[in-house]
Every structure is written in C-alpha cells, then in structure tokens.
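Written below as structure tokens is the structure these notes are about.
The values are calculated or read from the model by the stated rules, or taken from the named source; none is laboratory data. The structure displayed is predicted, hence computed values, not measured ones. Glycine also receives a Cβ, built like all others from the backbone with ideal geometry; neighbour counts cover every protein chain displayed.
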Amino acid sequence: METLWFCLVAIMIAGYVVLDGFDLGAGIVHLLVARSDAEKRIVLASIGPVWDGNEVWLLAGGGTMYFAFPALYASSFSGFYLPLTIVLWLLIVRGISIEFRNHIASPVWTPIWDTGFTWASLLLAVFYGAALGNVVRGVPLDASGYFFLPLWTDFRARSSAGILDWYTILTGVAALLTLTMHGALWVAMKSPEPIRERAASLARRVWWGVVAATVAITAASFAIQPHLSERFAEAPWGFVFPVITLTGLLGVFLCKAPRAELPAFLSSCAYLVGMLTSAAFGVYPLLLPASTDPALSLTIHNAAAESYGLRVGLAWFIPGMLLAVVYATFTYRRFSGKLHLE
C-alpha cells in the first residue's frame with residue numbers, strides 16, 4: 001500500500017506539472033508573443049476555461065500526501081514554511097491578475113496585472129524547480145524528523161545549504177526553461193497567426209536551453225545524490241523513464257510543421273512526465289532524503305499512515321479522482337480547437 005500511494009502522489013504531482021505547467025508557461029510568454037491588447041486577450045483566453053481547474057491537481061497531490069504520508073507533510077510544511085508562503089502569495093497574485101485585468105479599461109490598470117501575471121508565473125516555475133531540487137538533494141533532518149532551512153547560506157550544496165544553492169538554482173532555471181517551452185507550445189497550438197508563429201519560434205529557441213539544462217541537472221543530480229545511482233543499478237527497468245524523457249524532447253524538436261502543433265505539445269507533456277517519473281523512481285523508497293545522516297531520511301515506510309487507513313482511503317480516492325478526470329476531459333474537449341477573439 002505504501003508503494004501504491006507513493007505512485008499515486010507522483011501521478012498527482014506529474015498531472016499538476018503537465019496541466020498547470022502550460023498555463024504557467026503561457027503566463028511567462030504572453031508578453032513576448034502577444035503585442036496588442038487583443039492578442040494578450042487571446043493568450044489569456046487559451047487558458048481561461050482551464051487554469052483554475054488545473055490547480056485541482058495541486059490540491060489533489062497535497063491532499064494525497066497529507067493523507068498517505070502525514071510525517072512527510074508535517075516535516076516538509078514546517079521546514080519549507082518560508083518558500084511555501086512565497087508560493088502561496090505568487091498563486092494569489094497570479095490568480096487575481098487573470099481575474100482583475102479586464103475589470104477596468106485603463107492604460108495603467110491593465111499593464112499592472114499583465115506584469116503581475118508574468119512575474120508570478122515565472123517565479124512559480126523557478127520555485128517549483130527549486131523545490132524538486134531540494135527533495136533530490138536532501139535536507140538536514142534531525143532525529144525527530146524535522147528540519148529548518150534558511151532561504152540561502154553560501155550557495156554550496158552541502159549539509160548546511162539553504163533552500164537556494166547552486167544545485168537548486170540550476171533545477172529552478174531548468175524548470176523555468178521547460179515550462180516556457182511547454183507554455184509556448186500550448187499557445188502556438190491554441191492561437192491564430194501571428195501569435196502562433198511567434199510562440200512556435202520561441203519554443204524552438206528555448207528547446208536548446210532545455211536540452212542543455214536536462215544534461216546539466218542529470219549529471220548534477222547523480223553527483224549530489226548517490227541514491228540515484230544505486231536505485232537505477234538495482235532496477236535497470238527504470239531506465240524506461242529517461243527514455244520517455246528523451247523521446248519527448250526529440251519529439252518537440254521534430255514536430256516543427258504548422259500542423260504538428262498537437263504532437264509537439266504532447267511530446268512536451270511526455271518530456272515532463274519522463275523527467276518527473278525519473279526523479280520519483282530515482283529517490284524511491286525515499287520521500288525526503290536526509291543530507292546529514294541517510295538513516296534519518298523519511299521513507300514510504302516510516303512516514304506512511306496505518307495500513308487500514310491507506311486501504312479505506314483508496315476506496316474514496318478512486319471515485320473522487322474519476323470525477324476529476326471526467327470533468328477535466330469534458331472541459332478540454334468542450335474548449336478544443338483554435339481561438340479567435342470574437
């Protein structure tokens with residue numbers, strides 16, 4: 001049951017990154033690909049029906065983690081209190097920027113919310129990437145299972161590191177590049193000319209940065225977290241996840257034709273799923289590695305709820321998530337196709 005719930009949490013997080021990732025990316029690129037107010041409205045309309053529904057997967061992932069692994073929830077939400085507060089404020093700013101933008105026709109009002117939308121989306125991508133870097137690198141857990149991390153110390157990835165060091169900044173930049181590409185591909189798929197061509201051109205340029213970042217964080221992750229090498233060595237079948245990553249990355253590069261926008265976007269989705277599942281497979285059965293003493297790490301065994309609770313929870317989880325999947329499927333089908341302002 002612990003392994004099953006680990007997989008479910010990983011699925012929820014991957015679903016959130018894939019779905020909310022493209023509307024974060026749309027926020028990052030919308031000032032770059034949209035020149036007029038009408039074009040900006042088209043970019044916003046491309047995510048308008050789905051952006052808040054996409055965040056359901058963040059709630060599902062957090063709720064699932066809270067239920068299945070309460071010790072992890074207690075430890076991480078106390079140790080990461082400052083960055084979680086920052087993420088909360090960024091989510092608030094991003095949400096109200098979308099909702100408030102069109103309430104007043106003013107040359108001052110609209111640019112304020114456009115800028116807030118862009119910067120909140122950009123910083124969320126960086127913080128999400130840095131969060132993943134912290135999980136892979138490990139945190140200074142004590143014997144009680146708790147830890148505290150300052151925002152930064154000397155930027156060296158060691159036991160006294162802060163939330164931001166050279167490695168987590170690297171993962172943050174990689175996340176920013178990846179979601180920029182992902183969002184640009186979504187905007188290209190949903191928008192008419194000339195927005196489509198600008199977004200597709202931006203995605204092609206950023207693709208090279210994603211390749212470089214993928215190589216860099218892969219090498220750095222194996223160097224900084226020995227458990228990754230051990231895990232892939234003892235279960236070689238796990239290399240299927242990096243293969244998915246490379247296939248998705250190659251697919252984005254090959255799908256350059258104007259009519260290949262959907263395959264390019266789906267390839268980007270596959271890349272994101274491959275990267276996240278590779279990380280999840282690599283750290284398993286760890287949930288939060290201890291950078292001080294590996295024996296103090298939180299695992300699926302010492303952080304999980306009781307087996308009975310996990311079984312009962314599964315019975316409620318399945319119908320609940322089926323409802324969410326049905327609703328999401330209906331929404332995306334209902335609003336499929338190219339957008340036009342009228």
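Suppose we filter region 223-234 for residues that are closer than 18 Å to Pro289 by Cα and surrounded by fewer than 18 Cβ atoms within 10 Å (Cβ to Cβ); how many remain? If you could, list the steps in order and put the result at the bottom.
Going residue by residue through region 223-234, those that are closer than 18 Å to Pro289 by Cα are 223-232.
Next, from what is left, pick out any that are surrounded by fewer than 18 Cβ atoms within 10 Å (Cβ to Cβ): 223, 226, 229-231.
So the count comes out to 5.
Could you tell me whether region 131-143 includes any residue that is surrounded by fewer than 17 Cβ atoms within 10 Å (Cβ to Cβ), of a type in the set (A, V, I, L, M, F, W, C) and within 22 Å of the chain's Cα centre (by Cα)?
No, that holds for no residue.
Restricting attention to region 27-62, which residues are small (Gly, Ala, Ser) and either crowded, with 16+ Cβ neighbours inside 10 Å or in contact (Cβ under 8 Å) with a residue 40 or more places away in the chain (or both)?
Gly27, Ala34, Ala38, Ala45, Ser46, Gly48, Gly53, Ala60, Gly61, Gly62
So which residues in region 152-194 are in contact with a helix residue (DSSP H, G or I) (Cβ under 6 Å, 6 or more places away or on another chain), part of a loop (DSSP other than H, G, I, E, B) and within 20 Å of Leu82 (Cα to Cα)?
Matches in region 152-194: Phe155, Ala157, Ile163.
Residues checked against (1) assigned to a helix (DSSP H, G or I); (2) closer than 26 Å to Trp5 by Cβ; (3) in contact (Cβ under 8 Å) with a residue 40 or more places away in the chain:
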{"residue": "Ala223", "(1), (2), (3)": "yes, no, no"}
{"residue": "Glu230", "(1), (2), (3)": "yes, yes, no"}
{"residue": "Leu262", "(1), (2), (3)": "yes, no, yes"}
{"residue": "Leu276", "(1), (2), (3)": "yes, yes, yes"}
{"residue": "Phe281", "(1), (2), (3)": "yes, yes, yes"}
{"residue": "Val312", "(1), (2), (3)": "yes, yes, no"}
{"residue": "Ala315", "(1), (2), (3)": "yes, yes, no"}
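If you go through region 75-107 one residue at a time, how many are part of a helix (DSSP H, G or I), touching a residue at least 60 places away in the same chain (Cβ under 8 Å) and not hydroxyl-bearing (Ser, Thr, Tyr)?
Qualifying residue count for the region: 4.
Which count do you get for residues in region 144-178 that are aromatic (Phe, Trp, Tyr) and either at pLDDT 90 or above or surrounded by 19 or more Cβ atoms within 10 Å (Cβ to Cβ) (or both)?
The qualifying residues number 3.
Taking region 1-43 as the search range and keeping residues that are in contact with a Lys or Arg (Cβ under 7 Å, 6 or more places away or on another chain) and part of a helix (DSSP H, G or I), which one is farthest from Val126 (Cα to Cα)?
Within region 1-43, the match that is farthest from Val126 (Cα to Cα) is Val33.
Among (1) surrounded by fewer than 20 Cβ atoms within 10 Å (Cβ to Cβ); (2) in contact with a Leu (Cβ under 7 Å, 6 or more places away or on another chain); (3) aliphatic (A, V, I, L, M), which single condition is Ala14 missing?
Among (1) surrounded by fewer than 20 Cβ atoms within 10 Å (Cβ to Cβ); (2) in contact with a Leu (Cβ under 7 Å, 6 or more places away or on another chain); (3) aliphatic (A, V, I, L, M), Ala14 violates only (1).
Just give me the residues in region 94-127 being touching a Leu at 6+ places or on another chain (Cβ under 9 Å) and farther than 13 Å from Leu31 by Cβ, in sequence order.
Arg94, Ile98, Asn102, Leu123, Leu124, Ala125, Val126, Phe127
Which residue, of Ala303, Ala220, Ala264, Ala270, is within 17 Å of the chain's Cα centre (by Cα) and buried (at least 17 other Cβ atoms within 10 Å of the Cβ)?
Ala270
Could you check region 69-104 and list, in sequence order, the residues that are closer than 23 Å to Phe148 by Cα and touching a helix residue (DSSP H, G or I) at 6+ places or on another chain (Cβ under 8 Å)?
Phe69, Leu72, Tyr73, Phe77, Phe80, Pro83, Leu84, Ile86, Val87, Leu90
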